[in-house]
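Everything below concerns the one structure shown next.
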Amino acid sequence: MDRELEKALEIVSVLITGGDIKKTNEHAALYEEFTSNAGVYDMVISMLKKFNISLYEYKDGLYVSPGENNKIFGYTNEEIKKELGVRLNRELYLCYFIIYNIITKFYNSSGSSTFTEYVKIEDVISSVDMNLKEIIMNLNVMSLDDIEQDSFKEIAITWEDMPVAASEENSKRAGRGSKVGFVKLVFNFLVAQKLMLESEGRYYPKDRFVAMITEYFEQHKGRIYEILKGE
Amino acid sequence: MAQEHILIRDIIQDHSERMLNIKKYYPYFKLSENAFTQFQGGKYEELDMGYILMAVLRFFIEENNFKEKDVYYEEYKEFVREIYRRDFMIPLDEDEEEEVSAYIFDKIKNDGKPFSYSYFDPAEKKKKTIRIKIIDSRIKNDKIGYFITSDAIEFYLDTKEVKDESTISISQVLLSKMISAKNFKGGIEVIKRINNEVGRLKARKNEVLNILNYDVFNGIKIYEEFLNSVIKWFDEEQKLFIKNMDLIKTALDRVESDSEYYNAVDDIYYLETELKMTISRHKELLTACTDLQMKADEIIEKAKFSKIKREFDFKNALGMIMEKDDTTLLSHIVMPLLGININKSFSLKSIDKMLTLKNDKKEANEIVKDHKEEEHYVYDDEIEDERIKHNFSNLIKELMECVFEYEKFDLVLFNTRLRNKYGDDVFKSSDYYSMLVHLSQKSEYDMDEIMEKQDTFFEDYLKEALKELDESQYRGLKLKLIYDSKEKIKFFEDACVTNIIFKLDYS
């Protein structure tokens, strides 16, 4: 087989099986091949494009994203629920909302970081509290029948109905019973997804997280805005 | 009982210290009260003694401590004269100015006596008197020079951070004075104040960085203010640190020979250790500020770039999602972050569940209705590519028609042809100019070679245009481009291009 094709296949196979290719890890030779051989580079890009996978380079490393609605390489909502350990849709969307809050703790926009080094569970809880504050305030005067499915009121109720911590003994255990536990569930998921690194209750963003935020959203902003505007 | 003891100690034992601490404020209030009402029948009542006093103190700090010279009466007079004219706009003739300045000077000097006030010391059960001078004098080269006292500097510093000067520098000037006056305990207090200031500036640095991140435009103003009030003083502050370290060293050298220094040796050593720590903290502040400068440059650079290029704003996007009140939209942000899903088989648990058909004891798992279909999006860059392709093809077709018609022609003729056909709007299109840029990459185009291999973006389009012609029309044809740098073709106010002569050549 053509040597360049073989190398390109090797790179693609590492990437689609969830491996990291970095200048400093065991795949340094593949990284070198990707960056210095234009033939290999073109082949990798074209193969991944056919799989509907986007590739991003950040700080001497290669990272891939299946994007949205990628039926072969992406996750379905059901699979994400399983990974997260939640059952109800409103719990899933609350997890998404928590992830969104974590993103905004580190980034204002795809090109502007907040220079925050790490976040703790309590930071995320106050951020979610703040973003749902207005909805929660109105909940007192709202009839429960008015609450539509998949609305923010629904996740606000789920959030508001949880105590901050389940009990003193297992206050930092992941679970659906408390705000702390819920945020911990989300962080566990992000750690498993190689987006975050945990040390002594502090969560640091990994290069993969930064690469996705700065590159993916930069590239797809037009399309995402269109979806959000409902155009 | 213990509580009561503390209360009594606070009231009785510490009273003297409290009185000593507030003495620096006494002259200000004494002077500013009714200062001009009795003078010349209240003729100059509009003048504000409090303001004039603060201005004079700042002037003395500048002259004594930064320029390191005494102030002579003439200089003082000149300075206050400026104040009457600039700030009070009171028309005073020269004699009046002379008279008022002398009156103020005597007041500030308290007619040559220290300001004094009495208080009762409950610890010693007797009345004590505190004395304080603001301005002192000495004779040098047969001239009387005036200088500010350390109490007055301390008072001035306590009123507010000095905007145009570094607080650290001024505190250090005070420290020098205290060391010279053998007041080492007072020196330690000043160092504590410097440490506070260094800590405050470090915290301020982080605040500036945060503001820059959230609001670049306001952040730049605050950042520049911070640079002016902190970074530009570093050199001077470091010089003063060295000077003070030298003073402490000299004091330590004198310990052996001078009993006054000998008795204070512990304080001097403590002062030395504290100052060394302060110098190290000050260096850390310098590093932090250098880091701030680098980060600020990066942020400003990015902000300039993003003014042209729109970024994906997470906060704004969240606002849009919340306004639509549709939490499913959040998946558009979260899904792309996730890695590749490599688990494609059923888990053993699921197979087991299917086989045994157990019912869920807990709440049922809801299914998310994925009604979204993979959509076909036309991206902005694709629309743009299509436009460029369309415009380039038309322009190249026109160019080729000119080539066949005239064999030799220039850009002016080509432009006239375009104007006749498309109107002036064609020159408002950036594609026209970008086509010229691409065209100018070569000075000769060989049509046979282009049909075989295209080196440039322009050649790709040229090939497409040639394909539509009969092969005999372009076979063996070469197009030469001669750039006439003397002749410039002007389009708009600031837009002009060099004329190009196109010449056909058959090989």
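The values are calculated or read from the model by the stated rules, or taken from the named source; none is laboratory data. Since the model is a prediction, treat every value here as computed from it, not as a measurement. Here Cβ is always computed from backbone atoms with ideal geometry, including for glycine, and neighbour counts include all displayed protein chains. Note: accessible area is taken over every heavy atom of the protein model, side chains too, but ligands, DNA and RNA are not part of it. Shrake-Rupley method; radii C 1.70, N 1.55, O 1.52, S 1.80 Å.
Considering segment A:72-103 alone, what residues qualify as being in a loop (DSSP other than H, G, I, E, B) and either more than 7 Å from chain B (Cβ to nearest Cβ) or not hydroxyl-bearing (Ser, Thr, Tyr) (or both)?
Here is the first cut: in segment A:72-103, the ones in a loop (DSSP other than H, G, I, E, B) are A:72-76, A:85-88.
Result: A:72, A:73, A:74, A:85, A:86, A:87, A:88.
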Here the residues within segment B:442-484 that are modelled with pLDDT of 80 or more, within 54 Å of the chain's Cα centre (by Cα) and of a type in the set (A, V, I, L, M, F, W, C) are B:458, B:462, B:481, B:482
Among the residues listed as A:201, A:177, A:181, the single one being away from chain B (no Cβ under 11 Å) and at positive phi: A:201
Inspect segment A:117-134 for any residue being more than 26 Å from the chain's Cα centre (by Cα) and modelled with pLDDT under 85 and give the result as yes or no. no
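Go through segment A:70-92 and count every residue that is open to solvent by 30 Å² or more (accessible area, probe 1.4 Å) and closer than 21 Å to residue A:17 by Cβ. Before you say what the answer is, go through the steps one by one.
Initially, segment A:70-92 is screened for residues open to solvent by 30 Å² or more (accessible area, probe 1.4 Å), giving A:71-72, A:75-76, A:78-79, A:82-83, A:85, A:87, A:90.
Checking the rest, the ones that are also closer than 21 Å to residue A:17 by Cβ come to A:71-72, A:75-76, A:79, A:82-83.
The number of residues fulfilling the criteria is 7.
Specify the residue that is surrounded by the fewest Cβ atoms within 10 Å (Cβ to Cβ); the eligible residues are those in segment A:56-69 that are of a type outside the set (Ser, Thr, Tyr) and more than 7 Å from every other protein chain (Cβ to nearest Cβ).
First, the residues of segment A:56-69 that are of a type outside the set (Ser, Thr, Tyr): A:57, A:59-62, A:64, A:66-69.
From what's left, more than 7 Å from every other protein chain (Cβ to nearest Cβ): A:57, A:59-62.
Values: A:57: 14, A:59: 11, A:60: 14, A:61: 19, A:62: 23.
Per the stated criteria, the residue is A:59.
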Can you pull out the residues in segment B:218-239 that are open to solvent by 20 Å² or more (accessible area, probe 1.4 Å) and either within 13 Å of chain A (Cβ to nearest Cβ) or of a type in the set (A, V, I, L, M) (or both)? B:220, B:222, B:227, B:231
Tabulated pairs, segment B:453-479, first charged (D, E, K, R), second outside any strand (DSSP E or B), C-beta under 6 angstrom, 6+ apart or interchain: B:459/B:450; B:460/B:454; B:463/B:450; B:463/B:454; B:478/B:507
Suppose we filter A:48, A:15, A:30 for residues that are of a type outside the set (Lys, Arg) and in contact with a Leu (Cβ under 6 Å, 6 or more places away or on another chain); which single one remains? A:48
Please go through segment A:135-171 and give me each residue that is at pLDDT below 75 and either surrounded by 14 or more Cβ atoms within 10 Å (Cβ to Cβ) or within 11 Å of another protein chain (Cβ to nearest Cβ) (or both), ordered by number. A:139, A:147, A:148, A:166, A:170, A:171
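Matching residues to (1) closer than 17 Å to residue B:134 by Cα; (2) free of Cβ contacts under 8 Å to residues at least 24 places away in the same chain:
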{"position": "B:6", "(1), (2)": "no, yes"}
{"position": "B:14", "(1), (2)": "no, yes"}
{"position": "B:20", "(1), (2)": "yes, no"}
{"position": "B:26", "(1), (2)": "yes, no"}
{"position": "B:63", "(1), (2)": "yes, yes"}
{"position": "B:70", "(1), (2)": "yes, no"}
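For segment B:450-471, which residues satisfy the criterion of being hydrophobic (A, V, I, L, M, F, W, C) and either open to solvent by less than 90 Å² (accessible area, probe 1.4 Å) or closer than 16 Å to residue B:403 by Cβ (or both)?
Here is the first cut: in segment B:450-471, the ones hydrophobic (A, V, I, L, M, F, W, C) are B:450-451, B:457-458, B:462, B:465-466, B:469.
If the condition is that a residue be hydrophobic (A, V, I, L, M, F, W, C) and either open to solvent by less than 90 Å² (accessible area, probe 1.4 Å) or closer than 16 Å to residue B:403 by Cβ (or both), then B:450, B:451, B:458, B:462, B:465, B:466, B:469 are the ones that fit.
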Of the criteria (1) over 18 Å from residue B:401 (Cα atoms); (2) in contact with an Asp or Glu (Cβ under 6 Å, 6 or more places away or on another chain), which one residue B:442 fails: (2)
Given the conditions (1) surrounded by fewer than 18 Cβ atoms within 10 Å (Cβ to Cβ); (2) closer than 24 Å to residue A:220 by Cβ, and given that residue A:53 satisfies all but one, which numbered condition is not satisfied? (1)
Cβ contacts < 8 Å: first residue farther than 13 Å from residue B:63 by Cα, restricted to segment B:74-86; second residue among the polar types (S, T, N, Q), any location; separation 6+ or different chain. Result? B:77/B:101; B:80/B:101; B:81/B:101
In segment A:204-231, what residues are within 10 Å of another protein chain (Cβ to nearest Cβ) and not in a helix (DSSP H, G or I)? A:230
The conditions are (1) touching a strand residue (DSSP E or B) at 6+ places or on another chain (Cβ under 9 Å); (2) farther than 14 Å from residue B:58 by Cα; (3) among the hydroxyl-bearing types (Ser, Thr, Tyr), and residue B:180 fails exactly one of them. Which is it? (1)
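Against the definition (closer than 30 Å to residue B:194 by Cβ, among the hydrophobic types (A, V, I, L, M, F, W, C) and at pLDDT 85 or above), how does residue B:296 come out, yes or no? Break it down stepwise before answering.
On the way: closer than 30 Å to residue B:194 by Cβ: yes; among the hydrophobic types (A, V, I, L, M, F, W, C): yes; at pLDDT 85 or above: yes.
Yes, satisfied.
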